[in-house]
């Protein structure tokens, strides 16, 4: 027998593979292609205290080795999410991680307080790459003091364990991770997208209406693995690794680097069953390598 079970902040997952926020809707959109009960967890699209329209179009562009997006966290708001999406997910034997977005600390805290009343939400993932309008538009996730402060405030109000999702658009990711840990984070997830730009040379204009967007996909995978490796040696809380996972081998790199679990993102757009293929591939690797417990692989690369 081979055990693929892992724990994130006391919540047991049947395997370490989950979806990355913003690439899988809230599960309903992919449910006719993917048996959600096979996933370690479903991570929902970001939800805010009120509906967000998102950015103008065009807001997605293909690049070599991945894609760029500037969707702008479009979402229907917490009321619709709790009335529609959480009851749907409750049908499945799968952990639910709700991604939370906001413009101010108060926004995040209000959503966390609302979700404290929802037993279907097992963990919260706090997206701190959103613009912080109270700090001149800077991202929460780029300032260690802001990271520690918002983590502490959300943690104080949340009933569920709190995962802080880190931005890679910083000089030293370990400094940000330590700030999240100091603020009381139960776990961290990384990395979010890298900021990039694409120009349409034929139209002589930006490919995205927002001018810049988040780069994701295989192109960022080596960067993400490096950041997870460094962070795993800087903090003692679990890490969910993500960035360019398309195969089981990609996921295994994160586990060996120190991640407890992994999230599949951009690959879902190209291949709706990517998560299941990664799960099957990890299990086959364990059989081939005679690894009885997947926890023996976590951080195995010194």
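Remarks
- Sorting the segments 93-106, 267-280 by their residues' average number of neighbouring beta-carbon atoms within 10 angstrom, most packed first, yields 93-106, 267-280.
- Rounded to 5, percent antiparallel among DSSP beta bridges of the chain: 40 percent
- Rg/Rh for the range 231-299, where both radii come from Cα atoms and Rh is the Kirkwood radius: 0.98
- Each part reduced to its alpha carbon centroid, the range 273-301 and the range 228-243 end up 18 Å apart.
- The range 1-119: C-alpha gyration tensor shape, a/c 1.5 cut-off, then a/b vs b/c: oblate
- Rounded to two decimals, the Cα radius of gyration of the chain over 2.2 N^0.38 Å is 0.93.
- Antiparallel DSSP beta bridges within the range 72-174, percent to nearest 5: 10 percent
- Cα-based shape type of the range 153-286, given that a ≥ b ≥ c are square roots of the gyration tensor eigenvalues and the cut on a/c is 1.5: oblate
- Rounded to 0.05, the FRET efficiency of the residue 270 and residue 200 pair, given R0 = 30 Å and the Cβ-Cβ distance, is 0.85.
- Part-to-part distance (alpha-carbon centres) for the range 208-224 and the range 26-65, which is given in Å: 16 Å
- Percent of beta bridges antiparallel (DSSP, the range 10-120, rounded to nearest 5): 50 percent
- FRET efficiency, residue 116 to residue 300 (Cβ-Cβ, R0 45 Å, nearest 0.05): 0.80
- Relative contact order of the chain, defined on C-alpha pairs under 8 angstrom at six or more residues apart (%): 20 percent
- Its convex hull of Cα atoms gives the range 1-50 a direction-averaged projected area, equal to a quarter of the hull surface, of 4.7 nm².
- q = 0.11, 0.19, 0.24 Å⁻¹: log10 I(q)/I(0) that the Debye formula gives for the range 72-158, counting C-alpha atoms only: -0.31, -0.85, -1.21
- Cα gyration tensor shape of the range 91-237, rounded if a/c is under 1.5, else prolate or oblate by comparing a/b with b/c: prolate
Readers should treat all values here as calculations from the given coordinates under stated rules, not as data from a laboratory. Bear in mind that the values here come from a model prediction, so they are computed numbers and not experimental data. Glycine gets a Cβ as well: all are built from the backbone with ideal geometry, and neighbour counts include every protein chain shown.
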